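First comes the structure, then the notes that go with it.
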Amino acid sequence: MILLTQIPFQEIPMNLLLMADPSEDQIRKYLQNSWCLAAKRDDQILGVLILSPANSLKAEIKNIAVYDEYQGQGIGKKLLQKAQALAQEKGFHQIQIATGNSSIGQLALYQKMGFEPIRIEKDYFLKHYNEPIMENGIACKHRILLEKALM
Ligand code: ACO
């Protein structure tokens, strides 16, 4: 059985977080001011999600990652559902998530979960990351922001 639970950030393996965000510096910055959710089976971490305040009304999912061998089994969806419940409980009215233009599977998943694209930040990844990022044969250049209202 998979258990979703909040854990201290010190317990999260950095290699898991780096699957979603290549910048360890950025990760270390947002971890300080975040809630960390883990999907666990028999005490083993299979996936994580990091939720931070974006402003007083909006929470942001900064990082979501599931180890390769456990992907495609619904763990990502469960983490996203739990993050929405947590954000609501903390009093936020909206929740947002951002990803690259080349992240086809992630864009599909977030929209299936009710997130709507609201903005494209042109050349975001070219400006903020030193190394070029290629995914699905597409250059990752632009950041797409998606948002969902919390009822
Ligand atoms: N087209 C259509 N749907 C797709 C596609 C695609 N190309 N790829 C994936 N999906 C859908 C699947 O069909 C599935 O939906 P369904 O259940 O309706 O069929 C859904 O996406 C996947 O759902 P889960 O199994 O719940 O997700 P998973 O446990 O595999 O976790 C995650 C998803 C976290 C994105 C995982 O793939 C991962 O860790 N990737 C590497 C790290 C990463 O890229 N993280 C996100 C970066 S952005 C950020 O962190 C804010």
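Values in this text are rule-based calculations from the coordinates and carry no lab data. None of these values were measured; they are calculated from a predicted model. Cβ: placed from backbone, ideal geometry, glycine included. Neighbour counts: every protein chain shown.
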For the chain, the longest stretch holding no trypsin sites (Lys or Arg not before Pro) located in a DSSP loop with at most 15 other Cβ atoms within 10 Å is which?
1-89
Relative contact order, percent, of the chain when contacts are C-alpha pairs under 8 Å separated by at least 6 residues?
19
So, in region 68-135, how many Lys pairs have Cα atoms under 26 Å apart, if the pair is 8 or more places apart or on different chains?
8
Gyration tensor on Cα atoms of the chain, a ≥ b ≥ c root eigenvalues, a/c under 1.5 rounded, else prolate if a/b beats b/c, else oblate, says rounded
Most exposed to least, judged by fewest other Cβ atoms within 10 Å, LEU17, LEU31 sort to LEU31, LEU17
